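What follows is calculated from the coordinates using simple rules that are stated; it is not laboratory data. It should be emphasised that the depicted structure is a prediction, and the values quoted were computed from it without experimental measurement. Glycine also receives a Cβ, built like all others from the backbone with ideal geometry; neighbour counts cover every protein chain displayed.
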Amino acid sequence: APAARPAPHRDEPLVVAHRGASGYAPENTLAAADAADALGTTWVETDVQRTADGELVLMHDTTLERTTNAEVLFPDRAPWRVADFTAAEMARLDAGSWFGEEFAGEPVPTLTDFADRLADNGQRLLLEIKSPASYPGIEADILDELRAAGWLGERHPGRRLVIQSFDAASVRRVHELAPRVETGFLGTPAVADVPEYAEFADQINPRYRDLTADYVADLQAVEGPHGEPVEVYAWTVNDGPTAVAVAELGVDGIITNFPDVVRDALEE
Ligand code: G3P
Ligand code: CA
């Protein structure tokens with residue numbers, strides 16, 4: 001008999017730690033991945049960009065001043081764009097102190113360091129390509145690096161990687177370069193346009209405030225590039241009552257800074 005396939009839509013949404021468990025540790029750091037792991041959270045979302053000399057690093061903002069000490073270390077480098085710093089300069093930054101002194105010295109991770117840590121922890125990766133239009137060719141760079149780190153393997157039931165972006169052209173590029181890799185489009189396309197997005201996106205991941213149950217069902221009614229229903233992961237849900245309400249809309253996943261809070265609310 002053929003092996004049983006996982007149900008495409010589960011009763012309880014999958015919980016994803018947003019920028020790591022970023023309610024408890026500085027976002028997009030190894031500490032945030034470990035904090036998610038400590039809470040039993042398998043899936044971790046993070047944001048990737050590229051340095052001036054081509055290193056892939058994790059950072060949400062396109063500038064460094066909110067989450068690092070770049071202004072202190074490099075006072076004459078305003079506006080502290082990720083794209084203007086080298087990997088060696090990036091490695092000197094402290095990406096933890098802003099969040100709490102106990103995280104002082106936490107580095108800005110490279111994509112490979114972060115992926116290796118997730119692999120060590122047995123975690124999975126929802127990788128957002130941030131501002132890809134600023135980084136021509138970043139899709140191929142990401143795929144090369146993840147391939148070298150052993151992340152481009154089989155799909156269901158062993159899925160452990162999804163690559164997403166707000167930039168549809170970038171998502172399409174990932175799909176074209178690596179058709180087996182699962183992908184997500186961040187946004188809220190018109191229902192009539194969903195089949196077009198579903199040519200290259202396995203997930204359509206909207207802001208939770210933009211969702212209705214009908215819209216979620218309309219997205220899930222379309223088949224994605226791998227012949228399975230489009231999945232819907234909602235972001236960013238940070239309290240229990242909202243998580244319950246969003247789950248009731250029928251989403252497949254919830255992206256949250258507080259994975260324990262969301263899971264506890266869903267299990268009640
Ligand atoms: O994963 C979705 C979410 O991360 C998108 O928003 O601004 O937190 O990257 P942002
Ligand atoms: Ca993100």
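Below, the figures for the structure above:
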| quantity | calculated |
| --- | --- |
| Cα convex hull volume per residue for segment 34-113 (Å³) | 91 Å³ |
| Gain in span if fully extended, ASP210 to ASP264, counting 0.36 nm per residue against the direct Cα distance | 17.1 nm |
| Rounded to 10°, Cα long-axis angle of helix 168-177 versus longest principal axis of the chain | 80 degrees |
| Segment 156-237: GluC sites (Glu not before Pro) in DSSP loop, at most 15 other beta carbons within 10 Å | GLU199 |
| Student exercise, segment 1-124 dipole from Lys, Arg, Asp, Glu Cβ charges, in Debye to nearest 20 | 480 debye |
| Whole-Å distance, taken between Cα centres, linking segment 101-125 and segment 14-72 | 8 Å |
| Residue-averaged 222 nm ellipticity for the chain, from DSSP H runs of 4+ at -39500 (n - 2.57), nearest 500 | -8000 deg cm²/dmol |
| FRET efficiency, 1/(1 + (r/R0)^6) with R0 30 Å, evaluated for GLU223 and GLU65 via beta carbons | 0.10 |
| Net +/- balance of residues flanking ASN28 in space, Cβ distance below 11 Å, scoring K and R +1, D and E -1 | -4 |
| Dipole in debye (nearest 20) - the chain, about Cα centre, beta carbon charges: Lys, Arg +1; Asp, Glu -1 | 420 debye |
| For segment 181-256, size of Cβ-based charge dipole, Lys and Arg +1, Asp and Glu -1, in debye | 320 debye |
